[in-house]
Amino acid sequence: MSNFDERMNVFPPVSKSEWIAKVEADLKGASFDRLRSAAPGGPALEPLYAAQDVEGLHDPGLPGVVPYLRGASPLGTWSIRQEYDEPRPVICKEMIRQDVERGVEALWLRLGPRRGCRVITVNELDELLAAVDLRTTSVCLDGGSDALAVASGFLAVAKRRGLGCDELSGGLGFDPIGLLAAEGCIQGGLRARSAELRDLAIWCSKNAPDLRAVNVSGEPYDGGGASIVQELAYTIATGIHYLRELTDAGMSVDAAARQIGFSYAVAGDFFTQVAKLRAARWLWAKVVLSAGGEPSSAAMHMHCRTSRFTKARIDPWVNMLRATAECTAAVLGGAHSIATLPFDCVIGSPDELARRVARNTQVVLREESHLGEVADPAGGSWFIERLTNDLARAAWTELRSIEAEGGVVHALGSGKLVDAIRDVADEREKAFCKRTAALVGVSEFPNLREGLIERPSASDQDLQALLKASLESLDLGANRDLLLALARSVKDEARTPGTLTAACVDATSHGADMYSVATVLQHGQPDFHVEPILQWRASEIWERQRERSDSQATRPAAFLANLGSIASHTARATWAQNLLAAVGVDAITNDGFDGMDALAAAWKSSAAGLAVICGSDADYDTMLEPAVAALKKAGCDLVIVAGRPGERESEVRALGAHEFIYAGADVLSAMTRVLDAMGVQG
């Protein structure tokens, strides 16, 4: 039977070859291949997809059904789970209170003695969560190397409030491999932390089934500029490592899989990010089922956050648009919960406006756009289905390579993983430097007239004083017996699984502080070090040069030496003005010059630090060399030419041209050299 039904579509079917023929006709002789693209380290993206592109692909199934490619749930809804890492507990508490009262449904907390919100005692943690009903609010923790100590403090708070552990939901955030990848160090060593991970997972499985002990984070890979294929392969490899750890400790595959959650940062390439999340669920289901797990245990629990990698300090208002697109991609990709980073998150502590916009972004998507009422709205798209398949298969190939060489920890320890990510990151950085990957508001369409936003943040001295005050308030001798009992449990290698967690909870429930518990857990254990994945943001390479100009008492200025009529020079003049603004240089423009004397006179009266010649190729044929010579004779030390140099480069440089800037060149490096030559200090 034909797939074509004229009752549903009055237009006759059109083959892909017919579409391509039509496109090639519109290209007027240009190759169709020029429309193909590929991100560094990723599969090729076709400009056109048709039904034949999904023929023979793996059946994606239905939402909520194995292989969960279309979603772990048959429903399309998600939880609004905002994240907090403000180090000052008083301020962080107020942020949480306001957000919980105004639409936030779940929390993700980075906290502990050494990271995020600096809380040490159970009393401080209880006060921090004063506005949170732990019975109805899902809470996920990220305590870093102190994960077990922080988890025990949280469980002690619940016990203090009269809650059973089986009434809690969320996650306790144990991810030593993710910590190792991002920071290059695990305090107390990987072996000890892995033992704690196994103990906590077994304890949670028995006592707190709705708390996941383990979280596999993709954020270190996103923040390092990794490709999506790498991010998928490394996170799934980490999940396999944890699954082995737990099953080797005696847990069933089903129980172990239920203790492992995943979190991903969602970046700016919209459709690829949607496909990434779908592929991640498919890959994890394949792993769990291959290990002997039941279909119900193979559904990945996924939290997503908008990417810090894509956020900019300059013109941060554009971050609202970035976050909206990223949040939408997370919804369409089937996330269980989503955190929208405030638009000023990379500047400092977010203010009330930024946090309101962040949470309301999700409220609008759910309540006004009704995205939560559709399960897998991207499903059936030839483009998305093909891209999901290509990403998953490429990631599976990379995953098998990692496993064949000893697993993800070996890949980190050997440096292979870091080197592979660095190669992709270098390619991505080159694209940003050339502006072939645009950064709106930063490298493209920057606004020099907009003031910079400042946000107060806690200094290192403030944090040290805060910790010192908390430590001095402790009576360390009062809990000596509790801590000694915990130390004996730590040293008991024959202890029953789960008893170490129970000992930690007993200690914190009876007054021991989390700092002391963490110290006991790490005592005598050497730290474990590897080369970390360098964390960076896409816009920071441009921001460094922009900040050089912004810091000057008088903003650097460039004279646009426009040649010929407005119509002939406008294209290059506009392009050059945009580029100059990206590094903080103001442009002095004009309607153009036909005579060199007028050009030289205008330059002299401009008081600019350099001149940029802008004109059409036709005007350059007769006016470029005279213009360079006239500007140099008038005393211009820096002459820049907007356009490709071609065969005349050597003679134009001999006349005094300093740089050639054009689309496709490494214009960031060129403008950095220009700022250096102008004497703009960094």
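Can you tell me which residues in the stretch 663-682 are more than 24 Å from Arg428 (Cβ to Cβ), free of Cβ contacts under 8 Å to residues at least 24 places away in the same chain and either aromatic (Phe, Trp, Tyr) or assigned to a helix (DSSP H, G or I) (or both)? Within the stretch 663-682, just Asp676 meets the criteria. Taking the stretch 551-644 and the helices (runs of 4 or more DSSP H) fully enclosed by it, the elements with 2 or more residues that are within 26 Å of Pro446 (Cα to Cα), among the polar types (S, T, N, Q) and under 39 Å from the mean Cα position of the chain (by Cα) are at 566-582.
I'd like to know if the stretch 474-482 contains one or more residues that are touching a residue at least 40 places away in the same chain (Cβ under 8 Å) and either surrounded by 15 or more Cβ atoms within 10 Å (Cβ to Cβ) or among the hydrophobic types (A, V, I, L, M, F, W, C) (or both). Scanning the stretch 474-482, I find at least one residue that is touching a residue at least 40 places away in the same chain (Cβ under 8 Å) and either surrounded by 15 or more Cβ atoms within 10 Å (Cβ to Cβ) or among the hydrophobic types (A, V, I, L, M, F, W, C) (or both), so the answer is yes. Leu353 passes every criterion in (1) of a type in the set (A, V, I, L, M, F, W, C); (2) out of contact with any strand residue (DSSP E or B) (no Cβ under 9 Å at 6 or more places or on another chain); (3) surrounded by 16 or more Cβ atoms within 10 Å (Cβ to Cβ) apart from (3).
With respect to Glu326, determine if the residue is assigned by TED's automatic domain parsing to the domain that holds Gln259, outside any loop (DSSP other than H, G, I, E, B) and crowded, with 21+ Cβ neighbours inside 10 Å. For Glu326, the condition - assigned by TED's automatic domain parsing to the domain that holds Gln259, outside any loop (DSSP other than H, G, I, E, B) and crowded, with 21+ Cβ neighbours inside 10 Å - is met.
Within the stretch 239-264, residues that are closer than 18 Å to Ser217 by Cα and without any contact (Cβ under 8 Å) to a residue 24 or more places away in the chain sit with their Cβ atoms under 9 Å from residues that are in a helix (DSSP H, G or I) and not β-branched (Val, Ile, Thr), at 6+ positions apart or across chains, in these pairs: Arg244/Ala256. Looking only at the stretch 379-429, residues that are farther than 22 Å from Ala285 by Cβ, of a type in the set (Ser, Thr, Tyr) and outside any helix (DSSP H, G or I) come to 0 in all. For Ile260, the conditions (1) buried (at least 23 other Cβ atoms within 10 Å of the Cβ); (2) under 15 Å from the mean Cα position of the chain (by Cα); (3) within 21 Å of Ala392 (Cα to Cα) are fulfilled apart from (2). All conditions but one from (1) closer than 14 Å to Ala576 by Cβ; (2) in a helix (DSSP H, G or I); (3) among the hydrophobic types (A, V, I, L, M, F, W, C) apply to Phe660; the one that does not is (2).
The residue of the stretch 640-656 that is surrounded by the fewest Cβ atoms within 10 Å (Cβ to Cβ), among those that are without any contact (Cβ under 8 Å) to a residue 40 or more places away in the chain and in contact with a strand residue (DSSP E or B) (Cβ under 6 Å, 6 or more places away or on another chain), is Gly656.
Scanning the stretch 16-53 for residues that are of a type in the set (Phe, Trp, Tyr) and without any contact (Cβ under 8 Å) to a residue 24 or more places away in the chain yields one hit, Phe32. Looking only at residues of the stretch 44-58 that are within 20 Å of Ala280 (Cβ to Cβ) and modelled with pLDDT of 90 or more, we find that the one that is nearest to the chain's Cα centre (by Cα) is Leu45. Regarding the stretch 197-215, can at least one residue be identified that is basic (Lys, Arg) and over 25 Å from the mean Cα position of the chain (by Cα)? Yes, the conditions are met somewhere in the stretch 197-215. Checking each residue in the stretch 337-354 for being within 18 Å of the chain's Cα centre (by Cα) and of a type outside the set (Gly, Ala, Ser) picks out Ile338, Thr340, Leu341, Pro342, Phe343, Asp344, Cys345, Val346, Ile347, Pro350. Within the stretch 198-212, restricting attention to residues that are under 13 Å from Met251 (Cα atoms) and of a type in the set (A, V, I, L, M, F, W, C), which residue is surrounded by the most Cβ atoms within 10 Å (Cβ to Cβ)? So the residue we want is Ala201. The residues listed here are Ala561, Ala538, Ala557; of these, the one that is modelled with pLDDT of 95 or more, within 30 Å of Arg435 (Cα to Cα) and in contact with a Cys (Cβ under 8 Å, 6 or more places away or on another chain) is Ala561. In the stretch 368-417, how many residues are among the polar types (S, T, N, Q) and buried (at least 22 other Cβ atoms within 10 Å of the Cβ)? Here the count works out to 2. Scanning the stretch 521-535 for residues that are closer than 30 Å to Ala226 by Cβ and hydrophobic (A, V, I, L, M, F, W, C) yields Phe528, Val530, Ile533, Leu534.
Conditions (1) touching a residue at least 24 places away in the same chain (Cβ under 8 Å); (2) in a helix (DSSP H, G or I), marked per residue:
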{"position": "Pro377", "(1), (2)": "yes, no"}
{"position": "Ala431", "(1), (2)": "yes, yes"}
{"position": "Thr436", "(1), (2)": "yes, no"}
{"position": "Val442", "(1), (2)": "yes, no"}
{"position": "Gly451", "(1), (2)": "no, no"}
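Among all residues of the stretch 99-120, there is none that is surrounded by fewer than 16 Cβ atoms within 10 Å (Cβ to Cβ), more than 29 Å from His370 (Cα to Cα) and hydrophobic (A, V, I, L, M, F, W, C). Check whether at least one residue in the stretch 284-295 is under 20 Å from the mean Cα position of the chain (by Cα) and not in a strand (DSSP E or B), and report yes or no. No; the residues of the stretch 284-295 include none that is under 20 Å from the mean Cα position of the chain (by Cα) and not in a strand (DSSP E or B).
Evaluate the stretch 326-333: report whether one residue or more is under 19 Å from Glu231 (Cβ atoms), in contact with a Lys or Arg (Cβ under 7 Å, 6 or more places away or on another chain) and touching a residue at least 12 places away in the same chain (Cβ under 8 Å). Scanning the stretch 326-333 turns up at least one residue that is under 19 Å from Glu231 (Cβ atoms), in contact with a Lys or Arg (Cβ under 7 Å, 6 or more places away or on another chain) and touching a residue at least 12 places away in the same chain (Cβ under 8 Å). Within the stretch 176-202, residues that are among the hydroxyl-bearing types (Ser, Thr, Tyr) have Cβ atoms under 7 Å from residues that are part of a helix (DSSP H, G or I) in these pairs: Ser194/Pro176; Ser194/Glu245, counting only partners at least 6 apart in sequence or on another chain. Being touching a residue at least 60 places away in the same chain (Cβ under 8 Å) and more than 24 Å from the chain's Cα centre (by Cα) narrows it down to one of Ala156, Ala131, so name that one. Criteria check complete, one pass: Ala156.
Just one of the listed residues (Leu466, Leu448, Leu439, Leu484) is in contact with a strand residue (DSSP E or B) (Cβ under 8 Å, 6 or more places away or on another chain) and not basic (Lys, Arg), namely Leu448. Being of a type in the set (A, V, I, L, M, F, W, C), assigned to a strand (DSSP E or B) and under 22 Å from Gln187 (Cα atoms) is the filter here; which residues of the stretch 109-153 pass it? Those that are of a type in the set (A, V, I, L, M, F, W, C), assigned to a strand (DSSP E or B) and under 22 Å from Gln187 (Cα atoms): Leu109, Leu111, Cys117, Cys140, Leu141.
Kindly indicate whether Gly143 is surrounded by fewer than 18 Cβ atoms within 10 Å (Cβ to Cβ) and among the small types (Gly, Ala, Ser). Spelling it out, it is not the case that Gly143 is surrounded by fewer than 18 Cβ atoms within 10 Å (Cβ to Cβ) and among the small types (Gly, Ala, Ser). Apart from one condition, Ala518 fits all of (1) within 29 Å of Leu675 (Cα to Cα); (2) buried (at least 20 other Cβ atoms within 10 Å of the Cβ); (3) in contact with a Ser or Thr (Cβ under 8 Å, 6 or more places away or on another chain); the exception is (1).
The values are calculated or read from the model by the stated rules, or taken from the named source; none is laboratory data. Model, not experiment: these values are computed from the prediction. All Cβ positions, even for glycine, are placed from backbone atoms using ideal geometry, and neighbour counts span all protein chains on display.
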